Amino acid sequence: MTDQTPAVVLNQRTRGVTEVVLNYPEKRNAFDDLIIRRLIDALEQVARDENTRVVIVRSEGKHFSAGADLSWMRRMAGNSREENLADARQLARLMSTLNQLPKPVIGLVQGAAFGGAVGLAACCDMVLATDNATFCLSEVKLGLIPATISPYVVRAIGERQARRYFLTAEVFTAAKAQELGLVHILCEDADALQSRCDELIEQLMMNGPSALAASKELIFAVSHQPITPELIEDTSKRIASIRVSDEGQEGLNAFLEKRNARWMPERAPEDED
Ligand code: ACO
């Protein structure tokens, strides 16, 4: 990695769509402390950027990512307990930053997604993978555990399946990852991956940006919660607030007036009837 070829690239794909790209294929896009910091910075930047409505997380090269950089992990033996812990918190922060990003995040996976890379995939809202992608929670093979990624991976694949794949460190196929719920869409090849991704982007661009952020918050608020009167009240408050918001009113008015809401892309002339 050099300054000329940064390991993390922010790339404006089309209007409103920003890619966060892991760009260290020589090391199979493994991430160390520096790359983790750059990834966090990039994600925080796209979270703040008012012009970004959809975020893509992808990587260059044959493999999505080999997960945490094992040389970096090994180096930690030379650090104090406090330094080691502070460092581990950065990986945890990367996962939570990606998970909580207040915009839709599409993950594109090709080749291998091992260890921490499974965590990255689990933190995306939608994951598209090529048929040849492979996944592995390989940590135990290395005498480690999938600790910081576990809250997200267990939510994505469920406790029952986690008990198998955390313990066996088996490599599993993209088709299995889809069956487990980690991957949403399987694609024949890289071209199909791009075109399915474009379809999702088109779909997402039709939706209110604040509503998308509020939808993600809603999912986190209701998941794994007992359905109590408090939770029911909370959901009532959320719809009561958003329907009278500027964006909610614009969406309702646009529908009733049979026009596009202001966040929707202009229709191409050939689409006009
Ligand atoms: N950390 C550091 N270096 C790595 C990593 C990694 N996670 N993965 C690969 N590399 C390096 C290799 O050491 C090799 O370096 P070299 O060229 O200096 O010899 C180079 O990347 C290429 O690796 P290969 O194994 O030759 O690549 P290949 O394409 O055959 O296989 C694969 C790719 C499947 C990803 C393989 O590299 C692999 O299994 N890597 C380990 C993945 C892993 O277990 N990750 C979990 C990390 S633990 C965690 O994330 C918390």
Original post:
Quick check, is residue 218 within 17 Å of residue 55 (Cα to Cα) and touching a residue at least 12 places away in the same chain (Cβ under 8 Å)?
Top reply: no
Subject >> Flag if residue 162 is farther than 20 Å from residue 22 by Cβ, within 12 Å of the ligand (Cβ to nearest atom) and at pLDDT 95 or above >> reply: no
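Please verify whether the stretch 37-47 includes one or more residues that are part of a strand (DSSP E or B), under 19 Å from residue 127 (Cβ atoms) and touching a Leu at 6+ places or on another chain (Cβ under 6 Å). Write out each step before concluding.
Taking the stretch 37-47 as the starting set, the residues that turn out to be part of a strand (DSSP E or B) are none.
Among the residues of the stretch 37-47, not one is part of a strand (DSSP E or B), under 19 Å from residue 127 (Cβ atoms) and touching a Leu at 6+ places or on another chain (Cβ under 6 Å), which makes the answer no.
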**OP:** Could you check the stretch 50-147 for helices (runs of 4 or more DSSP H) lying wholly inside it with 2 or more residues that are open to solvent by 40 Å² or more (accessible area, probe 1.4 Å), among the polar types (S, T, N, Q) and more than 8 Å from the ligand (Cβ to nearest atom)?
**Re:** 81-100
**OP:** Look through 173, 168 and report the one residue that is more than 26 Å from residue 56 (Cα to Cα), hydroxyl-bearing (Ser, Thr, Tyr), away from the ligand (no atom under 11 Å from the Cβ) and open to solvent by 60 Å² or more (accessible area, probe 1.4 Å).
**Re:** 168
Original post:
Which one of these does residue 12 not meet: (1) touching a Ser or Thr at 6+ places or on another chain (Cβ under 7 Å); (2) more than 16 Å from the ligand (Cβ to nearest atom); (3) touching a residue at least 12 places away in the same chain (Cβ under 8 Å)?
Top reply: (3)
Original post:
Within the group 231, 193, which residue is of a type outside the set (Lys, Arg), open to solvent by less than 50 Å² (accessible area, probe 1.4 Å) and under 17 Å from the mean Cα position of the chain (by Cα)?
Top reply: 193
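The values are calculated or read from the model by the stated rules, or taken from the named source; none is laboratory data. Keep in mind the model is a prediction, meaning the values are calculated, not measured. Counting neighbours? That spans all protein chains shown, and the Cβs are built from the backbone with ideal geometry, glycine included. In case anyone asks, the SASA skips ligands and DNA or RNA and just uses the protein heavy atoms, side chains included. Shrake-Rupley method; radii C 1.70, N 1.55, O 1.52, S 1.80 Å.
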